[in-house]
Amino acid sequence: MRHGKKHNHLGRTKSHRKAMLANMASSLIKHKRISTTLAKAKALRMYVEPLITKSKNDTTHSRRTVFSYLQDKDSVTELFRDVAAKVANRPGGYTRIIKLNNRLGDNAEMALIELVDYNEVYGKEAAAEEKKTTRRGRSKSTTKKADATDAPAKAEAAVETEAVVEAPAAEETKEDKGE
């Protein structure tokens, strides 16, 4: 029975798992998104989110605690400088896991894990642009009626534009003859 066994062992020893998660967390902090298997992404989320929460409080103790997990000075610096500033108001949920197609070699479930605040696709601009159009409130019968009433007006406008286009061409030929 596996009562109380919370984390996935990922088929590795404790030291190997710890080193792998530290390397993956450093890569995630540096590159803001990485592609890995779904099981590793879920394990990484449980590993890196408490570190990001610790980075909100920039003290020597929290820096040393995070360094003991990551073992990478550059990652710790970037985490406390850039990432902590972006996630300062967020109460949690700093990462997003997006499932990808299965890997070709062994058919493993792949996933993309990324820091939520660094994605431009799901950003605030994309949400604002989508709200411009709606489809409710217009039935097919009202659009057909509107098209039927607009048809004569469109035909008249087309005739007027043709006349306007032809008139300047005629004037140019007269000017050419006069010169």
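Some points to look at:
- Residue in region 52-70 that is in contact (Cβ under 8 Å) with a residue 24 or more places away in the chain, within 25 Å of GLU109 (Cβ to Cβ), touching a Phe, Trp or Tyr at 6+ places or on another chain (Cβ under 9 Å) and not in a loop (DSSP other than H, G, I, E, B) present: yes
- Selected residue (only one of LEU38, LEU44, LEU28, LEU21 is in contact with a Phe, Trp or Tyr (Cβ under 6 Å, 6 or more places away or on another chain) and buried (at least 16 other Cβ atoms within 10 Å of the Cβ)): LEU21
- Test: residue in region 110-128 that is of a type in the set (Lys, Arg) and either exposed (fewer than 11 other Cβ atoms within 10 Å of the Cβ) or assigned to a helix (DSSP H, G or I) (or both): yes
Coordinate-derived values only; no laboratory data. Computed from a prediction, not measured in an experiment: that's the story for all the values here. Positions of Cβ are generated from backbone atoms using ideal geometry, with glycine treated the same way; all protein chains shown enter the neighbour counts.
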